[in-house]
Amino acid sequence: MSSYTIPVGPLHVALEEPMYFRVEAQGEMVVGLDITAGHVHRGIEALAMTRNFYQNITLTERLCSLCSNSHPSTYCMALENLASIRIPERAEYLRVIADEIKRVASNLFNCAILGHIIGFDSLFKHVMETREIMQDVKETIYGNRMDLAANCIGGVKYDLDEERSKYLWQQMERMKKHLDEIYALYCKNSFVRLRTEGVGVLSKEDALRFAVVGPVARGSGIDYDVRQKSPYAAYDRLDFEVQTENGGDVLCRAKVRLREAQQAVRLIQQCVTDMPAGPTCIDTPPEIPAGEAIAKSEAPRGELIYYLRTDGSDIPERLKWRVPSYMNWDALKSMLVGDKISDIALIVNSIDPCISCTER
Amino acid sequence: MQDVISQVKEALDGALSPSVAIDWKCDFKGVKTGWCKLPESDQLLAAASAISTMGGRLSTVTAYLAEKYRKQGRREIAYHFDLDGTTLTLTIELPLEKARVASLTPLFRNADWNEREFMELYDIDVIGHPDPRRLFIDETIEPAVFDGLIPYSTLINGASSKTLWEAVMAQNSKEQGK
């Protein structure tokens, strides 16, 4: 059978952001893939080397909307590692709360889009409506629905008083019932399963070979979560389990994300209960010496790593970050080949791609 | 169980001669980071191979060129590896001009995008890269943009709205002057 080429993107109804896929097909089957990136490349890494340490907190928060808290918090961790700054215990819990709130909203957004792509729009609306609780939580606590502006060098810029703690707890109680319903629906609904089970399979061997991270790796049976492997903030004192699935398909990745959202709600409640009183930030201006440091965190899409190099001035000599989507794109070559053309959008969505993050 | 520090030492000692020093740091949570500067850049492949054998994962690669290095006629690349939660950074030094480094793609598939990215940002050739095309930056933009002294933002579309605004304002004032 002769093969032909289909262009998908860079602008496509099922892609949230621009990316160009050159798909080789035979009949209805995908037999090859080439990816062309760069459509939203903004040169932010270059900008970061012209701004001071404080300005870069604001800049890194604007890399991406869905994991916007992971960037400034990990960047601040790199500065703190370099300067041997120990942030107050209360700030560690507050950082977890901000990160986990973002995780729930981000994971639900991806799972909602899955519903939209398979034509199950009532599911899309239901999941987005549930996510709206988290958006309201963000707006109430931080004053913003996406960028929380929660982090500073040496701690956080917000606190939870008794009233807000109670509100947060109550909203998480509301979330539990909805999340349980949604998870059961993704697991049991025959239409969802028919469209997602066995689709876009990434074997464990390929997941290791492509070095994928986050729910994409955990959906293929790789038991790796930065929160456990390289603990930071208050994660070393919190009770949670790494969520994995072994099937490696679109459904497995969605199930991991939904269980991680359920777990995030419990983590937020643990933090509200366990958080000690005390300061939320160090009380002296940080002194950042010349040197280099690494910081890692588990963003909603997986391992986020920051490398910081300083020369004793207040501007980074080099600031580099690698986002989780970076490797996950290349792994699409394994997921898409052998699947149907009609499933391309579904499989691309299943890596929860973030192009703004990838291209910077 | 042998800890990661002795495992890395054993692996690198077996791969490199003479042995290299690794500076280990540990944060308040007990998370370790190792820093090792390889005396010769051509030791990279052997060192990376030893890490691959240990089950290490390539996390990312950072090329950089600070002003002080430019004056000294050198540049560096830091390769960051994950060893089950511990990060090991191997740094190599390259000359400022005609910098060449071996591709790690035979050992780590994900070196592909990392190497393509630093090839377009800096004037560094990667030997043996299977697909050395531009990754993000369009072919029409001059190569090695991070090596240049021109602000990067002026080379990309980030500067276009300002340029357009200035063109519109210049046109307006010209018309008002008629």
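Only residues in the stretch A:208-219 that are buried (at least 24 other Cβ atoms within 10 Å of the Cβ) and part of a loop (DSSP other than H, G, I, E, B) count as the first member; pair them with residues that are of a type in the set (Gly, Ala, Ser) and at pLDDT below 95, Cβ under 6 angstrom, at least 6 apart or cross-chain, and list the lot.
Listed by first residue and then by second, the contacts come to A:210/A:331; A:212/A:331.
When you scan the stretch A:299-331, how many residues do you find that are within 22 Å of the chain's Cα centre (by Cα), within 11 Å of chain B (Cβ to nearest Cβ) and of a type in the set (D, E, K, R)?
Matching residues across the stretch A:299-331 total 4.
So for the stretch A:332-341 (the condition being touching a helix residue (DSSP H, G or I) at 6+ places or on another chain (Cβ under 8 Å), within 14 Å of chain B (Cβ to nearest Cβ), crowded, with 21+ Cβ neighbours inside 10 Å and under 24 Å from residue B:88 (Cα atoms)), does at least one residue qualify?
no
One residue is enough: does the stretch B:51-68 have a residue meeting the conditions over 28 Å from residue A:313 (Cα atoms), touching a residue at least 60 places away in the same chain (Cβ under 8 Å), in a loop (DSSP other than H, G, I, E, B) and within 14 Å of chain A (Cβ to nearest Cβ)?
Within the stretch B:51-68, not a single residue is over 28 Å from residue A:313 (Cα atoms), touching a residue at least 60 places away in the same chain (Cβ under 8 Å), in a loop (DSSP other than H, G, I, E, B) and within 14 Å of chain A (Cβ to nearest Cβ).
Considering the stretch A:1-33 alone, what residues qualify as being without any contact (Cβ under 8 Å) to a residue 24 or more places away in the chain, of a type outside the set (A, V, I, L, M, F, W, C) and in a loop (DSSP other than H, G, I, E, B)?
A:9
Go through the stretch A:220-241 and count every residue that is in a loop (DSSP other than H, G, I, E, B), touching a strand residue (DSSP E or B) at 6+ places or on another chain (Cβ under 7 Å) and not aromatic (Phe, Trp, Tyr).
Of the residues in the stretch A:220-241, 2 are in a loop (DSSP other than H, G, I, E, B), touching a strand residue (DSSP E or B) at 6+ places or on another chain (Cβ under 7 Å) and not aromatic (Phe, Trp, Tyr).
Take residue B:67 and decide whether it is acidic (Asp, Glu) and in contact with an Asp or Glu (Cβ under 7 Å, 6 or more places away or on another chain). Working first, answer last.
Working: acidic (Asp, Glu): yes; in contact with an Asp or Glu (Cβ under 7 Å, 6 or more places away or on another chain): no.
Answer is no for this residue.
Sort out which residues of the stretch A:221-236 are within 14 Å of chain B (Cβ to nearest Cβ) and either hydroxyl-bearing (Ser, Thr, Tyr) or free of Cβ contacts under 8 Å to residues at least 40 places away in the same chain (or both), and write them in order of number. Quick ask: steps written out before the conclusion?
First pass over the stretch A:221-236, keeping only residues within 14 Å of chain B (Cβ to nearest Cβ): A:222-236.
Passing the criteria: A:222, A:223, A:224, A:228, A:229, A:230, A:231, A:232, A:235, A:236.
In this structure, is residue A:256 away from chain B (no Cβ under 14 Å) and of a type in the set (A, V, I, L, M, F, W, C)?
Values: away from chain B (no Cβ under 14 Å): yes; of a type in the set (A, V, I, L, M, F, W, C): yes.
The answer is yes for residue A:256.
What is the residue count in the stretch A:306-322 for residues that are in contact (Cβ under 8 Å) with a residue 40 or more places away in the chain and closer than 16 Å to residue B:87 by Cα?
Filtering the stretch A:306-322 down to residues in contact (Cβ under 8 Å) with a residue 40 or more places away in the chain leaves A:306-308, A:310, A:314-321.
Imposing the further condition that a residue be closer than 16 Å to residue B:87 by Cα reduces the set to A:306-308, A:320-321.
So the count comes out to 5.
Starting from the stretch B:29-41, take each residue that is within 11 Å of chain A (Cβ to nearest Cβ) and list its partners that are crowded, with 19+ Cβ neighbours inside 10 Å and part of a strand (DSSP E or B), counting only C-beta distances under 6 angstrom and pairs at least six apart or across chains.
That search, which allows pairs on different chains as well, returns B:32/B:86; B:33/A:294; B:33/B:87; B:34/B:88; B:35/B:89.
So that you can scan it fast, the table gives a plain yes or no per residue for (1) crowded, with 17+ Cβ neighbours inside 10 Å; (2) in contact with a strand residue (DSSP E or B) (Cβ under 7 Å, 6 or more places away or on another chain):
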| site | (1), (2) |
| --- | --- |
| A:6 | no, yes |
| A:10 | yes, yes |
| A:21 | yes, yes |
| A:28 | no, yes |
| A:43 | yes, no |
| A:49 | yes, yes |
| A:59 | yes, no |
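Hey, can you tell me all the residues within the stretch A:82-119 that are touching a helix residue (DSSP H, G or I) at 6+ places or on another chain (Cβ under 7 Å), modelled with pLDDT under 95 and not in a helix (DSSP H, G or I)?
The answer is A:118, and nothing else.
Could you list, in sequence order, the residues of the stretch A:34-81 that are charged (D, E, K, R), in a loop (DSSP other than H, G, I, E, B) and under 19 Å from the mean Cα position of the chain (by Cα)? Steps first, please.
Of the residues in the stretch A:34-81, the ones charged (D, E, K, R) are A:34, A:42, A:45, A:51, A:61-62, A:80.
Then keep just the ones that are in a loop (DSSP other than H, G, I, E, B); that gives A:42, A:51, A:62.
Listed by number, the list holds a single entry, A:62.
Using the structure shown, decide if residue B:11 is small (Gly, Ala, Ser), under 20 Å from residue B:111 (Cα atoms) and in contact with a helix residue (DSSP H, G or I) (Cβ under 7 Å, 6 or more places away or on another chain). Full working, then the answer.
Numbers: small (Gly, Ala, Ser): yes; under 20 Å from residue B:111 (Cα atoms): no; in contact with a helix residue (DSSP H, G or I) (Cβ under 7 Å, 6 or more places away or on another chain): yes.
For residue B:11, the condition - small (Gly, Ala, Ser), under 20 Å from residue B:111 (Cα atoms) and in contact with a helix residue (DSSP H, G or I) (Cβ under 7 Å, 6 or more places away or on another chain) - is not met.
With respect to the numbered conditions (1) part of a loop (DSSP other than H, G, I, E, B); (2) touching a residue at least 24 places away in the same chain (Cβ under 8 Å); (3) at the interface with another protein chain (Cβ under 9 Å from one of its Cβ atoms), which one is the sole condition not fulfilled by residue B:134?
That leaves (2) as the condition not met.
Kindly provide the set of residues from the stretch A:120-140 that are over 19 Å from residue A:65 (Cα atoms) and in a helix (DSSP H, G or I), ordered by number.
A:121, A:122, A:123, A:124, A:125, A:126
The conditions are (1) of a type outside the set (Val, Ile, Thr); (2) in contact (Cβ under 8 Å) with a residue 12 or more places away in the chain; (3) surrounded by fewer than 19 Cβ atoms within 10 Å (Cβ to Cβ), and residue A:148 fails exactly one of them. Which is it?
(3)
Consider residue A:270 carefully, then state whether it is at pLDDT 95 or above and over 20 Å from the mean Cα position of the chain (by Cα). Please lay out each step first, then the result.
Values: at pLDDT 95 or above: yes; over 20 Å from the mean Cα position of the chain (by Cα): yes.
Yes; evaluated as a whole, the condition is true for this residue.
Quick one: would you say residue A:77 is modelled with pLDDT of 95 or more and under 26 Å from residue B:34 (Cα atoms)? It would help to see each step written out before you state the result.
Values: modelled with pLDDT of 95 or more: yes; under 26 Å from residue B:34 (Cα atoms): yes.
When the stated conditions are applied, residue A:77 passes them.
Being touching a residue at least 40 places away in the same chain (Cβ under 8 Å) and surrounded by fewer than 19 Cβ atoms within 10 Å (Cβ to Cβ) is the filter; apply it to the stretch B:75-101 and report the residue that is nearest to the other protein chains (Cβ to nearest Cβ).
Of the stretch B:75-101, the ones touching a residue at least 40 places away in the same chain (Cβ under 8 Å) are B:75, B:77, B:83-94, B:101.
After this cut, where a residue has to be surrounded by fewer than 19 Cβ atoms within 10 Å (Cβ to Cβ) as well, the list is B:84-85, B:91, B:93.
Working: B:84: 6, B:85: 3, B:91: 9, B:93: 14 Å.
Within the stretch B:75-101, the match that is nearest to the other protein chains (Cβ to nearest Cβ) is B:85.
When you look at residue B:92, is it assigned to a helix (DSSP H, G or I), on the phi < 0 side of the Ramachandran plot and of a type in the set (A, V, I, L, M), yes or no?
On the way: assigned to a helix (DSSP H, G or I): no; on the phi < 0 side of the Ramachandran plot: yes; of a type in the set (A, V, I, L, M): yes.
No, not satisfied.
The values are calculated or read from the model by the stated rules, or taken from the named source; none is laboratory data. Bear in mind that the values here come from a model prediction, so they are computed numbers and not experimental data. When we count neighbours, we look across all protein chains shown, and the Cβ atoms used for this are built from the backbone with ideal geometry, even at glycine.
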